[in-house]
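Okay, structure first, notes after.
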Amino acid sequence: MILIELLKVILVAGLLAMSTATAYTLEAFAFEDPAQATVFRELIEELRCLVCQNESLSGSQAELAQDLREEVYRRFRAGEGRDEIVDFLVARYGDFVLYDPPLKPSTYLLWFGPFLLVAVGAFFLIRTLLRKRQDDPDEGLSESEQERLQALFVPSGSGRDGRNGRGGRKRPDRDGSDRPPPPQ
């Protein structure tokens, strides 16, 4: 019993020691002017975290995001402008670092791909619906199949057809033929 409690304590202590992920706040970045802080926050909001991919640098907790925030802060404090910082990050990581990538030949698929997929899907949907409309549903049945289908719709026990004297349709033999039953 004591051993189990000791193992629990060691496990909890180990987990706490391993969880060295430090939370960050944007207040860790100091600026002399509130306007600079606003520009910095807007800039890191427009840049994508390369690890999370669906979060901005301002909202990501990944270590790489923290490093990129510090790099942007360092360059911003060194006097580089917004465009220079963005150009540096795009040169290093590609257009993927931008939430709003520019329209250029290398990003055409990104911009127009969804519309292309919808158009192809609509084409196939319309083509399928038009083909179904043009097809006659009874066209595929032979004459014997149509007669057999009609025989299935005759109510059993009606006795109107007079084919076998018991009413209803004849039962096919086990081999599938419609031979009359043997005399008794």
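Quick note: the coordinates plus some simple rules give every number you see, no bench work behind them. These figures come from a predicted structure and were not determined experimentally. Glycine gets a Cβ as well: all are built from the backbone with ideal geometry, and neighbour counts include every protein chain shown.
Checking the a/c ratio against 1.5 first, then a/b against b/c, what shape does the Cα gyration tensor give for region 22-97?
Numbers: a/c = 1.86, a/b = 1.15, b/c = 1.62.
Since a/c reaches 1.5 but b/c is at least a/b, the shape of region 22-97 is classed as oblate.
Just need the relative contact order of region 22-97 here, percent rounded to a whole number, with Cα pairs under 8 Å and 6+ apart.
For region 22-97, the relative contact order is 23 percent.
Give the calculated FRET efficiency between A62 and Q146 to the nearest 0.05, with a Förster radius of 41 Å applied to their Cβ-Cβ distance.
0.05
For the pair T38 and A91, how long in nm is the line joining their label points, each one 7 Å along Cα→Cβ?
3.0 nm
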